[in-house]
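What follows is a short report on a single structure.
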Amino acid sequence: MQKLFDFLEKYMMGPMGKLSQKQFVRAIMAAGMGTIPFTIIGSAFLILNVLPQVFPALEGIWAASFDKITNLYMTANTFTMGVLALYFNIIMGFELTSIKANEYDLNLSPITGAMLSMMAFLMTIAEMVIVDGTYVFVEGEGYISGIAYGSFANRLGTSGIFTGILMATLAVWIYKTCVQRNWTIKLPDAVPLGVSRSFTALIPCAAIVFVVLVLNGLIMLTGYDLFNIIAIPFSFVGSIADTWYGVLIINLLIHALWSVGIHGANIISAFYSPFTLQNFKTNAEIFTGKATGDYAVFAGEFQNMYVVCGGSGATLGMCIWMAFCAKSEQLKALGVASLPSGIFNINEPLIFGVPIIYNPNLIIPYILAPTVAAEIAYFGIASGIFPPVIANVPWPTPGLLGAFIGTGGNFMGAVLALICITVAFLIYFPFLTKYDSQLVKEEAEATAA
């Protein structure tokens, strides 16, 4: 085991450790920590809303009580997790400006950096197409002025985090460059500081607006924009989805993207979901005798039942260990706070709070654990030892229960889910214990100081 860690330290953790000291990475990790309250509170209200889907026996109780105020209490979810990219973008802009102000000894205002970052991000969320050489907003049901709406503006949610990171990085860099090169409007010292900073930001603001408009406008010429252009390289997964190597590649891509702040599940699932839905329908027809043939393996909620128990990254075992076994105060507190939502496959508090993204200590198991779990589930079902997915279940259904229901009440489905959860945790365990020990040392040093 020590040889393994020596190898990882030399070839993986060492380079990733250097990456984690980069300004924008430190700002991303600080932004992740800053969003913890929003993810925890938002998760709590989301759980309240989906409980009747998970436990149908509660439908009557909810119909007579919580359903009457759903629109009221779900605003707490909509404006916490539902606009998480906006919070992430603002906090990152603030933190990155603070870092650059300190390291370059510049008169930069973190508040101004945060506001410029938010402006740049909001300028990218409207969807447009080019018709006869004219930029026009996308129209149709669910769109207002080119902005797609679900419970709220969709692109302000987790799917927009990567664009939020890009825009914060770009905006703060332009702000820093303008101040560094004195491309600003300077007022006399007698002018109040708040007024002076506003005029200092005037030229950077104009520069950011110009750059974002040109950048987004040029990308739109390709038929895409800053949000969806990232999906172009991954369209091939649809053609290999129903194979063992397809499932392997799908999960590698999902979690590799997540580890750098891109909502991998949203991107990749768009290409494989049509196949899993069709496979689920075929399995259900075979099970009921309406069709004949072999059951499909990668079907229905295969991912939620076996691969991402606890949320993306298969973090359920990790969350339980943090809550009850971690020695560092940071991991223990996060584990306790995240466990209720983790049981229902919601783990944004862990992804952004531990954090996992851009964390060289946990990126390797975060990518490896769900990928291995997916292959175990795939070959377990393909071999005939474990039952196929023949019933659909809501994605928040806890792992063992979801697998039990999704296989038509087959106990062996829950056994397979337990195996996947256990193996995923065993992959995390050595990395978690090492990271926990590191945090214990840092906490002790901070206390002593």
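The values are calculated or read from the model by the stated rules, or taken from the named source; none is laboratory data. From a predicted model like this one, the values you see are computed outputs, not experimental measurements. Don't worry about glycine lacking a Cβ; one is built from the backbone with ideal geometry, like all the others, and counts go over all protein chains shown. Please note that ligands, DNA and RNA were not included when accessible areas were found on the heavy atoms of the full protein model with its side chains. Shrake-Rupley method; radii C 1.70, N 1.55, O 1.52, S 1.80 Å.
A few remarks follow.
- The amide H of Ile390, built 1.01 Å from its N in the peptide plane, has Thr407, Gly408 as neighbours under 5 Å, considering only residues 5 or more places off or on other chains.
- Estimated FRET transfer efficiency (Asp294, Ala231; beta-carbon r; R0 30 Å; 0.05): 0.45
- Computed log10 I(q)/I(0) for segment 407-449 at 0.24 Å⁻¹: -0.79, from the Debye equation with unit scatterers placed on every C-alpha and solvent omitted.
- All distinct Cα pairs of the chain go into the 1/r average, and the inverse of that average, the Kirkwood radius, is 23.7 Å.
- Inter-label distance, nm, simple model (7 Å from Cα along the C-beta direction), Val214/Tyr245: 4.4 nm
- Cβ-Cβ FRET estimate between Val336 and Leu277, R0 fixed at 35 Å, reported to 0.05: 0.45
- Here segment 170-308 has an Rg and Dmax of 25.0, 85 Å, counting Cα atoms alone.
- Under the span-like rule (Cα at least 15 Å along the axis, Kyte-Doolittle mean at least 0.0), DSSP H helices of the chain: 23-34, 36-54, 84-104, 110-122, 161-180, 202-220, 244-258, 264-287, 329-343, 363-382, 411-448
- Annotation note: chymotrypsin sites (Phe, Trp or Tyr not before Pro) in segment 148-242 located in DSSP loop regions with a Cβ neighbour count of at most 16 within 10 Å are Phe152, Trp183, Tyr224.
- Per-selection Kirkwood Rh - segment 261-304 (Cα, Å, 1 d.p.): 11.3 Å
- Carbon + sulfur, % of accessible area of segment 154-255 - ligands and nucleic acids excluded, 1.4 Å: 71 percent
- Each of Tyr73 and Asp189 was given a label point 7 Å from its Cα along the Cα-to-Cβ line. The distance between the two points is 5.8 nm.
- For the set Lys332/Lys434; Lys327/Lys441; Lys327/Lys434; Lys18/Lys327; Lys22/Lys332, the pairs lying more than 18 angstrom apart at their alpha carbons are Lys18/Lys327; Lys22/Lys332.
- Extension gain from Tyr143 to Thr222, taking 0.36 nm per residue of separation minus the Cα-Cα distance: 26.3 nm
- Once the trypsin sites (Lys or Arg not before Pro) in DSSP loops with at most 10 neighbouring Cβ atoms within 10 Å are cut out of the chain, the longest remaining piece is 1-180.
- Other residues whose C-beta falls under 14 angstrom from the C-beta of Thr112 contribute a net charge of +2, scoring Lys and Arg +1 and Asp and Glu -1.
- Look at the dipole of segment 78-159 built from charges on Cβ: of Asn107, Ala85, Tyr149, the Cα furthest out on the positive end belongs to Asn107.
- Accessible surface area normalised per residue over the chain is 45 Å², counting heavy atoms of protein chains with a 1.4 Å rolling probe.
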